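Here's the structure we're looking at; comments come further down.
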Amino acid sequence: DVQVRQEEIKEELTEEDLDRRVDIYLTETETLWILDMPSVVVSAESENAGRVVERNKIYADMCKNRPGNDRYVEKMMQTINGATKNKEVQCDKIIMEEKGMTVTNWDFYDTFNALEIEPTSQAEGSRATTRKSSKSHAAKEQDQTMAISSDRGSIPSTMVSEGAVPARIHKEEECQSEAILTSENFQQDLFFMERILMENIFQPKLAVYRQLPVLTDPDVTSDTSGTVAAMKKSKQEEHDKEKKDKEEQKEAFMDSSVLSDLNQIPEEILPPGLEWLWSYTCGLTKGYSVSSMAWNKVNPDLLAVGYGAFDFKEQKKGLACCWSLKNPMWPERIFQCEHGVTALDFSTTSPNLLAVGMYNGSVAIYDVRSRNDAALLDSGESPNKHTGAVWQLRWVEQDRGATGDGKKERLMCISADGRVTEWLIQKRLDCTDLMKIKRTESEKKKLPGQKERKSEAPISQQAAGMCFDFHPKDTNFYLAGTEEGHIHRCSCSRSEQFLDTYRGHKGPVYKVAWNPFSTDMFLSCSADWSIILWQQDSQTPVLTFSSASACVQDITWSPKSAFVFAAAKESRVEIWDLSVSILDPVISCFANPGAKFTSVLFAKNTDCLLVGDSIGDVGVFELQNLAAPS
């Protein structure tokens, strides 16, 4: 560092001082080193040469001892020898091929027959050579055109027969096998064999479903008769022993009067329950949600299931599958739809027609007798088609009127665009509006002294329709559930006004269902976790059922009892018997982890329940120990 200090001038300079001669000497200041790089080279003649050579020798010895020494430390950092690595070189995969040919008894037979026609023995070959050698030159040329060499005239014919005949036979066999595999008779035989195998596999469960006795294999029974008899004997002994112990306990702890009352009670009173039989599922239905189910009106073994997605953000193509009891592992018909299926139903007058409603508002009709998955009719070209999801559709039989005889079947739909429509089936599908569901203001009680508020104008004048159901006796009347939580009773002959409005739900109404026996009662379920029982002439709920904190996706009445109905909630499916309890369900069955129940349907002729879930499975359950319908 260089510090410069200016000397202070104490006295002022006079003229003499200014005229005086002053000598100034310039000297060199000290050198300021900004960068100093010492040399790494030392002259051999310098004084430090010997010391530098000795240090270099010590460093060289230290470097020699460094490999393998884990204790070597340099600049306060420990160096560890790196792990050994194996270097491998990958070459192309060596492709090995095996070539072979299957030879059957028929190939041997045809080859030997061909060899018997032409001379193949060595003796005949030599005689043929002798004869050919005595022939003329022209004859030899003719023989040479037929054989490669006159000395081995029999060998080429043998080689040709050995090579060409099996190849020709193999080709014929391939053509014949292909013709057999593609023949209709073979396909039909495979179809019947598949049915037989499925019935053999599912025979015990199908017998339980149809309420028939379960058949046992006679071979297995005969082979294991001794074992079965021993097991029965041991079980009988255990049962007798338990019975004896119970009687002793009763005698020890109860008096004779109580014991006489207990003798009138059955020994085993089993609670109601659901027993899983099988599930309609396959690889195609995985990842879909079961949106709707419908039985065929003529064939009680044929079930139609619609698959879609309830999430608006995850919409994808849908499926409509027809399942049969004779093959629970694969659907009989598969109809690919461009959008998710939200509703479907079979026709009554034409049981082969299946109507399908989709998430984008389109309606299609399929023929289940045809193996072609193309729709017979589609609403894509209809100018009046729905602009919202078709949440429910149904074939309804209505009177033709005074001019016609009998009943006419009509296809009815309710959509999220707020319209209830009737579809006309002609050369193409077209619809007319039965009702445009208008929004209604909820009835709010006005407090004393409270001023009236101006009602805000709704975004849309129409309320989204979610479900409907036609009266079981008079199909001119129907119920319509809306997204705003109201249920309207409507008439097909009055398209401008509701007959009644039932207000009880706080969320969208997902399903309404008339009671098939007591036709003035109906049920409704909603996203507000509740199920409400209504009476047609009263706008006040009769009963409200709320057993779990989950939205109720679907409800359905039992076809055998006026008191029993099933409800599908997200986490479980419930069976209610109003003759037993109006507070709690008699049966509750919980869903598998990761699955949610979406729809329920009772079997027509048996005590079974079908439950659809959010992973594409339709479970078949047997209703056990339910009270007999009165």
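The values are calculated or read from the model by the stated rules, or taken from the named source; none is laboratory data. Because the structure is a prediction, the values reported are computed rather than measured. When we count neighbours, we look across all protein chains shown, and the Cβ atoms used for this are built from the backbone with ideal geometry, even at glycine. Calculation scope for accessible area: heavy atoms of the full protein, side chains included, ligands and nucleic acids excluded. Shrake-Rupley method; radii C 1.70, N 1.55, O 1.52, S 1.80 Å.
Once the piece of chain linking Thr29 and Asn81 is laid out straight, how much longer is it, given 0.36 nm per residue of separation minus the C-alpha distance between them? Kindly include the intermediate steps, with their values, before the conclusion.
Working: separation 52, 0.36 × 52 = 18.72 nm, distance 5.43 nm.
Net length gain for the segment: 13.3 nm.
Got a sec? What order do Thr14, Thr111, Thr482 fall in by accessible area at 1.4 Å, biggest, i.e. largest, first? Provide the component values of the computation, followed by the final result.
Details: Thr14 70, Thr111 25, Thr482 0 Å².
Greatest to least solvent exposure: Thr14, Thr111, Thr482.
Rounded to the nearest 0.05, what FRET efficiency do Ser491 and Ser350 give with R0 = 35 Å and r taken as the Cβ-Cβ distance? Could you check?
Numbers: r = 27 Å, r/R0 = 0.76.
That pair, Ser491 with Ser350, gives E of 0.85.
Counting Lys and Arg as +1 and Asp and Glu as -1, what is the net charge of the other residues whose Cβ lies under 12 Å from the Cβ of Gly507?
Working: positive: Lys506; negative: Glu483, Glu484, Asp528.
Local net charge: -2.
For Glu54, Glu622, Glu194, write out the residues from largest to smallest accessible area, computed with a 1.4 angstrom probe and no ligands counted. Please report the intermediate quantities before stating the final value.
Numbers: Glu54 115, Glu622 40, Glu194 80 Å².
From most exposed to least exposed: Glu54, Glu194, Glu622.
Below 14 angstrom from the Cβ of Arg572, what's the summed charge of the other residues (Lys, Arg +1; Asp, Glu -1)? Spell out each step's value before the answer.
Details: positive: Lys569, Lys596; negative: Asp554, Glu570, Glu574, Asp584, Asp613.
So the surrounding residues net to -3.
So if each residue of separation counts as 0.36 nm, and I subtract the Cα-Cα distance between Asn56 and Met329, what length gain in nm does that give?
Additional length available on full extension: 89.7 nm.
Expressed as a whole number of Å, what is the distance separating the alpha-carbon centroids of the stretch 79-100 and the stretch 171-211?
Going from one Cα centre to the other spans 48 Å.
Compute the distribution of all C-alpha to C-alpha distances in the stretch 523-630, in bins of 5 Å from 0, and list the percent of pairs in each, rounded to whole numbers.
For the stretch 523-630, the binned pair fractions read 2, 12, 24, 24, 21, 11, 4, 1, 0 percent.
Based on the mean of other Cβ atoms within 10 Å per residue, sort peptides 499-506, 16-23, 292-299, 91-98 so the most packed one is first. Present the calculation step by step, with values, prior to reporting the outcome.
Values: 499-506: 16.9, 16-23: 6.9, 292-299: 18.9, 91-98: 4.9.
My ranking of the peptides, most packed first, is 292-299, 499-506, 16-23, 91-98.
Given the pairs Lys57/Lys85; Lys205/Lys569; Lys385/Lys506; Lys286/Lys506; Lys408/Lys560; Lys317/Lys385, which are separated by over 24 angstrom at their Cα positions? Write down the numbers at each step before the final one.
Working: Lys57/Lys85 33 Å; Lys205/Lys569 26 Å; Lys385/Lys506 30 Å; Lys286/Lys506 33 Å; Lys408/Lys560 27 Å; Lys317/Lys385 19 Å.
Violating the 24 Å limit, Cα to Cα: Lys57/Lys85; Lys205/Lys569; Lys385/Lys506; Lys286/Lys506; Lys408/Lys560.
What length, rounded to one decimal in nm, is gained on full extension from Ser518 through to Leu115, with 0.36 nm per residue of separation minus their alpha-carbon distance? Numbers along the way, then the final one.
Details: separation 403, 0.36 × 403 = 145.08 nm, distance 8.80 nm.
This chain segment gains 136.3 nm when fully extended.
List, largest first, the extents of the alpha carbons of the stretch 489-553 along their principal axes, each in whole Å.
39, 26, 19
For the residue pair Val103 and Leu190, what label-to-label distance in nm results when each label sits 7 Å from Cα along the Cα-to-beta-carbon direction?
Each label point is offset 7 Å from its Cα along the Cβ direction, giving 3.2 nm.
Would you grab the residues whose amide H sits under 5 Å from the one on Gly318? Only those 5+ places off in sequence or on another chain, please, with H modelled 1.01 Å from N.
Answer set, sorted by chain and number: Cys337, Glu338, His339, Gly340, Val341.
Taking a ≥ b ≥ c as the square roots of the Cα gyration tensor eigenvalues, with a/c under 1.5 meaning rounded and otherwise prolate when a/b beats b/c, else oblate, which class fits the stretch 270-314? Please list the in-between numbers first.
Working: a/c = 2.08, a/b = 1.38, b/c = 1.52.
Cα axes put the stretch 270-314 in the oblate bin.
Where does the charge balance sit around Ala595 when Lys and Arg score +1, Asp and Glu -1, over other residues with C-beta under 9 Å from its C-beta?
Working: positive: Lys596; negative: Asp613, Asp617.
After counting each charged neighbour, the total is -1.
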